[in-house]
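Undergrad: Pasting a structure below so you can have a look.
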Amino acid sequence: MSFFSPFQQGLRDSLPIGAGYLPIGFTFGVVAIQAGLSIWQAFLVSALMFAGASQFVFVALVATGAAGWTLVSAVLLMNMRHLFYGPSLLSTLALARPRVPRCLLAFGLTDEVFATAAARSGGWDQEGRDIRLLGLEAGAYSAWVGGTVLGTVTGEQLLSRSDFMRNSMEFVLPALFCALLLECGRHRRQVVFVTLMVTLVLGLWLESYLALVGGMLTGAFAAILPPPSAGRARKAGRQA
């Protein structure tokens, strides 16, 4: 299989993600400029971190003059969930002969990329799954960085003229991730439901990032358990 065919398929898969990332990256560019970063600094944050909500927290802490260890610890805590993404997706992709370095795939693995790949990779051709994932990540990355550049150059003037545009952009990323989460829930609704409930309950007593970690651990444990239908099928087979 050639390299470009699955890569192009991955780019097509990334279009819904890119549609959400472009305005959020645009908003980040505006926020970064308002916080005192230069155009190049805002670009480098998106190009090197590519961390979504963590970038907004990072810029907010920079604007308040936070210490370096505070910046690093806050970003690391917010991105701990990615430790579970890689192993989970590797088992789903079942890569026999990977042609793309795993470190490169790990860099582009965001929440939305993971949700899309986990939901759709079962229908991807076995041989080119890592290349298609690379295309998916490349499309999402290009939209995020491109949106950041647009935001740093023109965003502040545009958003200052429209309250509706400014308020709607804040909702794009949560809405996108909820839509992708529902797509995953078509296959393992119980896992999604348990994870959400545990996170909500923990959030009543713990800080939000701790509740998120607890929900992720619960969801990861629930995901490795066989679905109830599998147990009923094995039991029916033994009885037969």
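Undergrad: Any residue at all in the range 82-94 that is within 27 Å of Gly151 (Cβ to Cβ) and either not assigned by TED's automatic domain parsing to the domain that holds Leu136 or not hydroxyl-bearing (Ser, Thr, Tyr) (or both)?
TA: Scanning the range 82-94, I find at least one residue that is within 27 Å of Gly151 (Cβ to Cβ) and either not assigned by TED's automatic domain parsing to the domain that holds Leu136 or not hydroxyl-bearing (Ser, Thr, Tyr) (or both), so the answer is yes.
Undergrad: Being at pLDDT 80 or above and either of a type in the set (Phe, Trp, Tyr) or surrounded by 15 or more Cβ atoms within 10 Å (Cβ to Cβ) (or both), is that true of even one residue in the range 173-181?
TA: no
Undergrad: May I pose another question? So, Ser168, is that one more than 15 Å from the chain's Cα centre (by Cα), modelled with pLDDT under 85, closer than 15 Å to Gln9 by Cα and hydroxyl-bearing (Ser, Thr, Tyr) or not?
TA: no
Undergrad: Taking helices (runs of 4 or more DSSP H) that fall entirely within the range 59-140, which contain at least 1 residues that are within 25 Å of Gly18 (Cβ to Cβ) and in contact with an Asp or Glu (Cβ under 8 Å, 6 or more places away or on another chain)?
TA: Output list reads 82-93, 102-107, 111-120.
Undergrad: Among what's in the range 118-135 and is surrounded by fewer than 20 Cβ atoms within 10 Å (Cβ to Cβ) and over 21 Å from Phe84 (Cβ atoms), pick the residue that is modelled with the lowest pLDDT.
TA: It comes out as Gln126.
Undergrad: Which condition number in (1) surrounded by fewer than 20 Cβ atoms within 10 Å (Cβ to Cβ); (2) under 12 Å from the mean Cα position of the chain (by Cα) is the one that Glu112 fails?
TA: Condition not satisfied by Glu112: (1).
The values are calculated or read from the model by the stated rules, or taken from the named source; none is laboratory data. This structure is a prediction, so every number in the text was calculated from the model and none was measured. Cβ atoms come from the backbone with ideal geometry, glycine included; neighbour counts cover every protein chain shown.
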